[in-house]
Amino acid sequence: MSPHDIEEGAGAAGPLVSLFLELVRIPSPSGFEREVMDFLTNRLRGLGLEVGESAPLEDHPGSAGNLYCRLPATSSGFPIMLSAHADTVASEEGALPHPVLEGGFIRSGSRAVLGADDKAAVAPIIHVVERIVHEQIPHAGIELLITVGEEGGLRGAKAASMEGMAAACGFCFDSTGPLGGMVVKSPSQKTVRAAFAGTSAHAGVAPEEGRSAVAAAARAVAEMRLGRIDGETTANIGIIRGGEAVNVVPDRCVIAGEARSHDREKLENQVSAMLDAITFAATVEGVDVETQVVDEFHGFDLSEGNLPYDLARRALERLGIEPRPVTTGGGSDVNVFILKGLPCLNLSVGMEKVHTPDEYISVEALRRMEDLLLALVEEARG
Ligand SMILES: [Zn+2]
């Protein structure tokens, strides 16, 4: 298919598909979102809306921060936040997205990742805002939060200020699988890191003078219960790093891992068991150890009776789409927003094979996203 054909196809498929194609043609791997954010900002300002942007992430000062935009309410009801991320995973060096629309599906057409994750959400959000403004569709207040750096560890969301937001709840659109998926449950996660500090010595000449940090780290890991701890809890040590040469007793070794659980108390217990194993191993091997535990995200259980769940369920049912509550083991911007106090639901967008060059989205899914957004706006209206 030539670029000319794509344009023709896109034109026939309507403004939403054209917008999506325009967006995916702008490369925006995490940390390099400047161009795509400028595009979105211009588009929203063109509607007469005020657009704000937070400071860029520290290590990418030349890039963009999160985009905020508010549509003041024109009706009573619950103000809602609509959120998606503008960054994508990085593509193979030099590969640029060259989207191909064929048989009702949009694919990358090159070795570059298409970026439907998460532009298949960003495009319908912007398109629906345009429709709301142009067609004067009544709503109870809409706040947009388009984040950066999601793929790099939810960094935009972590830096986002939710203060001053009027939204009663939020919807993120960043889950794979067909429309109808609602992430209602997610575990809490903590990461654990331990840096063992022993004493180096020549391994052949004076090993008794050494204190091996690698031996301590190995003992610590061996003492831990890892893998699936129970139906709700998992644990893993994913990194062990130490030693310089085969003939030197190593004085430095670092281990790092994580634990997740749907039950906060079980998570606490698992993390303390891991810390106990670390302290025990350090004592036995006679080395020092420094530990660090980081709260990566708090889990949630947002089912029946929660505002975003109820609104989303009603919106999906109105469209004849069966709501599919799902549990996730991983984190998304939603975990961070909930931690900051805003009840948020992550909904499926219909993108498939994300983070690979085979990623695709159907035109039908984009259209249904538009319908879903409008149905949510309508349900939130009093
Ligand atoms: Zn995503």
* Just read off the accessible area of residue 356 with the full protein assembly in place, 1.4 Å probe, to the nearest 10 Å². => 50
* To do: Could you pull the accessible area for residue 342 with a 1.4 Å probe, rounded to 10 Å²?
  => 20
* To do: Compute the FRET efficiency between residue 264 and residue 317 as 1/(1 + (r/R0)^6), taking r as their Cβ-Cβ distance and R0 = 30 Å, and round to the nearest 0.05.
  => 0.40
* Structure fact -> With the convex hull built on the alpha-carbon atoms of the stretch 188-296, volume per residue in Å³ sits at 78
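Hey, with R₀ at 30 Å, roughly what FRET efficiency would residue 306 and residue 191 work out to, going by the Cβ-Cβ distance, to 0.05? Before the final figure, lay out the partial values.
Numbers: r = 28 Å, r/R0 = 0.92.
Computed FRET efficiency for residue 306 and residue 191 comes out at 0.60.
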* Structure fact -> With the label point 7 Å along the Cα-to-beta-carbon line of residue 111 and a cut-off under 16 Å to each amide N, the hits in the stretch 349-372 are 356-359
* Asked: With no solvent and one point on each alpha carbon, what is the Debye value of log10 I(q)/I(0) for the chain at q = 0.08, 0.12, 0.14 Å⁻¹?
  -> -0.49, -0.93, -1.14
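Keeping all protein chains in place and using 1.4 angstrom, which order do 163, 359 fall into by accessible surface area, from largest down? Mind dumping the intermediate values first?
Working: 163 165, 359 0 Å².
If we order 163, 359 from most to least accessible, we get 163, 359.
Using the structure shown, select from 190/353; 158/340; 158/190; 119/353; 190/340; 185/266 the pairs with a Cα to Cα distance greater than 20 angstrom. Present the calculation step by step, with values, prior to reporting the outcome.
Numbers: 190/353 27 Å; 158/340 9 Å; 158/190 15 Å; 119/353 14 Å; 190/340 17 Å; 185/266 16 Å.
From the list (190/353; 158/340; 158/190; 119/353; 190/340; 185/266), the Cα-Cα distance tops 20 Å for 190/353.
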* residue 280-residue 358 pseudo-label distance in nm [points 7 Å out on the Cα-to-Cβ vector] -> 4.4
* Comparing 204, 141, 77, which has the greatest mean-square fluctuation in the GNM of the chain with Cα pairs linked when under 10 Å apart? -> 204
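Got the relative contact order for the stretch 188-296 handy, in percent, Cα pairs under 8 Å and 6 or more residues apart?
Values: 253 pairs, mean separation 46.6, N = 109.
43 percent.
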* Tell me, what is the 1.4 Å probe accessible area of residue 239, in Å² to the nearest 10? -> 70
* P(r) for the stretch 21-122: what percent of alpha-carbon pairs falls in each 10 Å bin, starting at zero? -> 14, 40, 31, 14, 2
* Asked: Looking at the chain, what % of its DSSP beta bridges pair antiparallel, to the nearest 5?
  -> 75
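Rounded to the nearest whole Å², what accessible area per residue is found for the stretch 188-296 with the 1.4 Å probe?
Details: 5890 Å² over 109 residues.
Dividing the accessible area of the stretch 188-296 by its residue count gives 54 Å².
Taking R0 as 41 Å, what FRET efficiency do you get between residue 292 and residue 42 from their Cβ-Cβ distance, rounded to the nearest 0.05?
Numbers: r = 43 Å, r/R0 = 1.04.
After rounding, the FRET efficiency stands at 0.45.
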* Gaussian network model of the chain, Cα springs within a sub-10 Å range: biggest mean-square fluctuation belongs to which of 325, 27, 15? -> 15
* **Solvent-accessible area per residue, Å², over the stretch 137-178 with all protein chains present [probe radius 1.4 Å]** => 29
* **Range of Cα positions in the stretch 254-351 per principal axis (Å), largest first** => 65, 28, 20
* Where is the GNM fluctuation largest for the chain (alpha-carbon springs, 10 angstrom cutoff): 311, 339, 47? -> 47
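Residues with beta-carbon under 9 Å from that of residue 107, excluding residue 107: net charge, scoring Lys, Arg +1 and Asp, Glu -1? Walk me through the numbers on the way to the answer.
On the way: positive: none; negative: 102, 358, 359.
Net charge around residue 107: -3.
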* Asked: What angle do you read, to the nearest 10 degrees and between 0 and 90, between the alpha-carbon axis of helix 15-25 and the longest principal axis of the chain?
  -> 30
* Taking the Cβ of residue 311 as the centre, find all other residues whose Cβ is under 14 Å away and add up their charges (Lys, Arg: +1; Asp, Glu: -1). => -1
* **Inter-probe distance in nm under a simple model that places probes 7 Å from Cα toward Cβ, at residue 176 and residue 203** => 4.1
* Rounded percent of accessible protein surface that carbon and sulfur make up, the chain, 1.4 Å probe -> 49
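Can you tell me what percent of all Cα-Cα pairs in the stretch 321-382 are more than 13 Å apart? Each step should come with its number before you reach the end.
On the way: 1405 of 1891 pairs.
Cα-Cα pairs of the stretch 321-382 separated by over 13 Å account for 74 percent.
The values are calculated or read from the model by the stated rules, or taken from the named source; none is laboratory data. For clarity, every value in this text was computed on a predicted model and none was experimentally measured. Counting neighbours? That spans all protein chains shown, and the Cβs are built from the backbone with ideal geometry, glycine included. Just the protein is used for accessible areas: all its heavy atoms, side chains included, with ligands, DNA and RNA removed. Shrake-Rupley method; radii C 1.70, N 1.55, O 1.52, S 1.80 Å.
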